[in-house]
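Following: one structure in structure tokens, then a few remarks.
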Amino acid sequence: MSVVTVQLGQCGNQVGQQLLHSLLCDAQDGQRKELCTASRERFFHQDTHGELVARAVLIDMEPKVINQSISRAARSGMWRYGETSHFSQKQGSGNNWANGFCVHGPAHREVVEDLVRREVERCDRLSGLLAMMSVAGGTGSGVGTYVTQCLRDVYPKSFILNHLTWPYGTGEVIVQNYNSVLTLAHLYQLSDAILVHENDTVHQICSQLLNIKHISFADVNSVIAHQLGSVLQPALTADSQGAYSRNPLGELVSALCCHPEFKLLSVSSIPQVPLASMAYSSFSWPSLLKHLRQMLISNTKMEEGIDWQVRPPAAAERSRSLTSFNTSLANVLILRGKDVYSAETAGFEDPALYSSWLSPQEAFSVWKSPVPFNKYEKSATLVSNSQALLRPLDSMVGGAWNMFASRAYIHQYTKFGISEEDFLDSFSSLEQVISSYKELR
């Protein structure tokens with residue numbers, strides 16, 4: 001089944017291009033024929049000349065980044081974007097969610113829906129739509145939210161997964177908290193699942209694990225693409241009967257998002273080492289999974305700096321909050337590489353890791369592939385619906401509320417049609433999400 005990627009704004013287009021390139025490079029890297037075929041069919045189609053063309057739509061209110069993404073794909077000589085699968089204007093959204101959502105989005109609705117429809121019609125079977133965007137700026141967040149709303153209207157029964165890049169806590173845009181609150185509150189009503197990468201965390205991975213001295217956005221995007229690719233590249237599930245061509249978005253949503261109040265997903269991958277060190281590195285499944293389990297329960301996104309003192313609560317302690325322990329609602333563990341079927345995953349089936357209202361059999365899924373991913377002989381990725389994003393979400397909502405209380409920059413939003421009541425509704429919606437996750441026991 002195929003996935004149509006919708007790349008929105010500067011960040012969405014840059015990460016989307018890197019993701020598609022990583023997936024194709026991995027699938028062609030001496031892999032098994034079945035995986036290569038399934039991966040290509042999932043993310044690409046062949047034109048009349050046999051060239052691979054991405055199942056993707058590129059949207060931005062400025063042409064520069066779209067042109068760069070199209071050029072990079074074409075220069076690879078491996079794949080390209082469709083000649084008419086992109087849309088841009090000459091003026092951006094000015095880092096204003098309201099400008100993107102209320103002005104640019106509605107003005108270009110028909111052309112965007114037509115671009116997506118053409119890609120969907122090329123799919124024999126549609127798995128769903130992957131919308132990629134940042135929450136900090138105006139186009140990715142505002143236009144991205146509006147486009148997601150349109151997709152939900154046009155494809156009411158299709159799975160929609162939104163991939164969000166969370167801005168640096170130190171601030172990329174002065175109104176990023178406003179944009180983030182409005183984006184998340186709206187997407188919670190529209191999307192089936194919201195998968196988040198935090199720039200601060202990815203920056204740490206680049207610095208501490210990959211030893212990159214001068215970190216660029218390309219480095220950050222590469223890490224995000226690696227982690228996301230390890231989730232989306234075809235794998236074998238418990239009921240897939242040895243076939244790779246399954247429904248990736250549907251399976252991810254059904255395994256992780258069993259309740260509409262809990263849609264926030266985080267990703268952790270292990271190992272992550274510099275390319276130059278890979279030939280000299282050796283990993284075992286027991287060690288990888290021991291570290292990944294502790295990363296989960298201590299809410300650590302890297303194998304470096306894990307707090308080994310955090311332990312799952314005993315049954316008598318479940319009624320009280322343990323601030324250091326990260327309670328999970330559901331987890332999907334994806335294992336790839338050598339001897340994958342010998343990997344013991346019982347540690348992730350421990351009932352103490354999960355909310356009491358789901359059994360471990362319902363809360364935990366494992367996908368496997370004997371094919372290595374991205375040159376790692378063995379690798380493990382965990383997609384988690386847990387309390388992992390509580391702290392950044394709480395901080396973002398708190399920062400936005402402090403600005404709103406003093407009415408800072410509100411006029412920049414109201415002049416495009418967003419009222420103070422819209423802000424209050426968004427705050428109320430996210431406070432409910434925060435409360436629900438805090439109460440996971």
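The values are calculated or read from the model by the stated rules, or taken from the named source; none is laboratory data. Remember, it's a predicted structure, so these values are computed and weren't measured experimentally. With ideal geometry, Cβ positions are generated from the backbone for all residues, glycine too; neighbour counts draw on all protein chains shown. The protein model used for the area step is the full one, side chains on, heavy atoms only, and it has no ligands, DNA or RNA in it. Shrake-Rupley method; radii C 1.70, N 1.55, O 1.52, S 1.80 Å.
Quick grid of which residues meet (1) open to solvent by less than 10 Å² (accessible area, probe 1.4 Å); (2) in contact with a strand residue (DSSP E or B) (Cβ under 7 Å, 6 or more places away or on another chain); (3) among the hydrophobic types (A, V, I, L, M, F, W, C); (4) part of a loop (DSSP other than H, G, I, E, B):
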| site | (1), (2), (3), (4) |
| --- | --- |
| Val253 | no, yes, yes, no |
| His291 | no, yes, no, no |
| Lys301 | no, yes, no, yes |
| Pro313 | no, no, no, yes |
| Leu329 | yes, yes, yes, no |
Checklist entry - Checking Pro234 against (1) open to solvent by less than 40 Å² (accessible area, probe 1.4 Å); (2) more than 27 Å from Thr327 (Cα to Cα); (3) out of contact with any Lys or Arg (no Cβ under 7 Å at 6 or more places or on another chain); (4) assigned to a loop (DSSP other than H, G, I, E, B), which single condition isn't satisfied? => result (3)
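So which residues in region 416-439 are under 17 Å from Asn96 (Cα atoms) and in contact (Cβ under 8 Å) with a residue 60 or more places away in the chain, if there are any at all? Give the steps one after another, and end with the answer.
Applying the first criterion (under 17 Å from Asn96 (Cα atoms)) to region 416-439 yields 416-420, 422-423, 426.
Once the filter is applied, which keeps residues that are under 17 Å from Asn96 (Cα atoms) and in contact (Cβ under 8 Å) with a residue 60 or more places away in the chain, region 416-439 yields Phe416, Gly417, Ile418, Asp422, Phe423, Ser426.
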Checklist entry - Can you tell me which residues in region 212-262 are of a type in the set (Val, Ile, Thr) and within 25 Å of Ser158 (Cα to Cα)? => result Ile224, Val231, Thr237, Val253
Checklist entry - Among the residues of region 122-154, which ones are open to solvent by 20 Å² or more (accessible area, probe 1.4 Å) and modelled with pLDDT of 95 or more? => result Tyr146, Gln149, Arg152, Asp153, Val154
Next on the checklist: List the helices (runs of 4 or more DSSP H) inside region 333-441, counting only whole elements, that have at least 1 residues being basic (Lys, Arg) and either surrounded by 14 or more Cβ atoms within 10 Å (Cβ to Cβ) or under 24 Å from the mean Cα position of the chain (by Cα) (or both).
Outcome noted: 390-405, 420-438
Item to check | Close pairs (6 angstrom Cβ cut-off, 6 or more residues apart or separate chains): on the phi < 0 side of the Ramachandran plot in region 64-92, open to solvent by 40 Å² or more (accessible area, probe 1.4 Å) and assigned to a loop (DSSP other than H, G, I, E, B) anywhere | outcome: Ser88/Pro63; Gly92/Glu62
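Out of Val196, Val181, which single residue is under 20 Å from Val433 (Cα atoms), open to solvent by less than 10 Å² (accessible area, probe 1.4 Å), under 13 Å from the mean Cα position of the chain (by Cα) and aliphatic (A, V, I, L, M)? Write out each step before concluding.
Numbers: Val181 fails: under 13 Å from the mean Cα position of the chain (by Cα).
Criteria check complete, one pass: Val196.
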Next on the checklist: Within region 241-295, take every residue that is touching a residue at least 12 places away in the same chain (Cβ under 8 Å) and among the aromatic types (Phe, Trp, Tyr) and give me the one that is nearest to Phe325 (Cα to Cα).
Outcome noted: Phe262
Item to check | Criterion violated by Trp166 - all others in (1) farther than 29 Å from Ser127 by Cβ; (2) touching a Pro at 6+ places or on another chain (Cβ under 7 Å) satisfied | outcome: (1)
Checklist entry - When only residues in region 101-115 that are hydrophobic (A, V, I, L, M, F, W, C) and within 21 Å of Thr183 (Cα to Cα) count, which is surrounded by the most Cβ atoms within 10 Å (Cβ to Cβ)? => result Phe101
Checklist entry - If you go through region 114-129 one residue at a time, do you hit one that is in contact (Cβ under 8 Å) with a residue 40 or more places away in the chain and of a type in the set (Gly, Ala, Ser)? => result yes
Next on the checklist: Cβ-Cβ under 7 Å, sequence separation 6+ or interchain: first residue in region 210-225 and crowded, with 17+ Cβ neighbours inside 10 Å, partner small (Gly, Ala, Ser). Which pairs?
Outcome noted: Ala225/Ser22
Checklist entry - Mind checking whether some residue in region 207-225 is within 21 Å of the chain's Cα centre (by Cα) and under 25 Å from Met1 (Cβ atoms)? => result yes
Checklist entry - For region 255-289, how many residues are touching a helix residue (DSSP H, G or I) at 6+ places or on another chain (Cβ under 9 Å), open to solvent by less than 20 Å² (accessible area, probe 1.4 Å) and closer than 13 Å to Lys378 by Cβ? => result 6
Checklist entry - Out of all the residues in region 2-29, which are over 19 Å from the mean Cα position of the chain (by Cα), aliphatic (A, V, I, L, M) and outside any helix (DSSP H, G or I)? => result none
